[in-house]
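Before any comments, here is the structure.
The values are calculated or read from the model by the stated rules, or taken from the named source; none is laboratory data. Worth saying up front: this structure is predicted, and the values here are computed from it rather than measured. Because the Cβ atoms are built from the backbone with ideal geometry, glycine has one as well, and the counts that use them run over all protein chains shown.
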């Protein structure tokens, strides 16, 4: 976990916040619901995709912690399995709003497909495009 979709979403969220002049107002990070890839760099295809779009990324995979539910206002899941895992992990004292990032997709694609096992880079491009749509719509909804 935390080497494909979530680092792309993190980098895109950061880029959109920067473009809108609200980056300083946000603590932005990403993490996986499992610890399989903890400490790893993002998938090379994710890195290349962001490089192709001039989006900066500096990330090492990590796993979601209980502190994340206290430290972040929002925790975005990529799909329903992530959503279930996060809901199960969330302590009662959680202040984070846990929701699907895809909930904000103006094209109505609630699930952000995991491109990890796909060959090539086209699916990473689709993840990037969907994250960009969702992040822009999220900030539009906030009025930022």
| message | For the range 98-122, give me the residue count where each residue is part of a helix (DSSP H, G or I), farther than 17 Å from residue 2 by Cβ and at pLDDT 95 or above. | response | 3
| remark: Residue set 35, 1; condition surrounded by fewer than 15 Cβ atoms within 10 Å (Cβ to Cβ), at pLDDT below 95, over 16 Å from residue 136 (Cα atoms) and in contact with a strand residue (DSSP E or B) (Cβ under 7 Å, 6 or more places away or on another chain); output residue 35
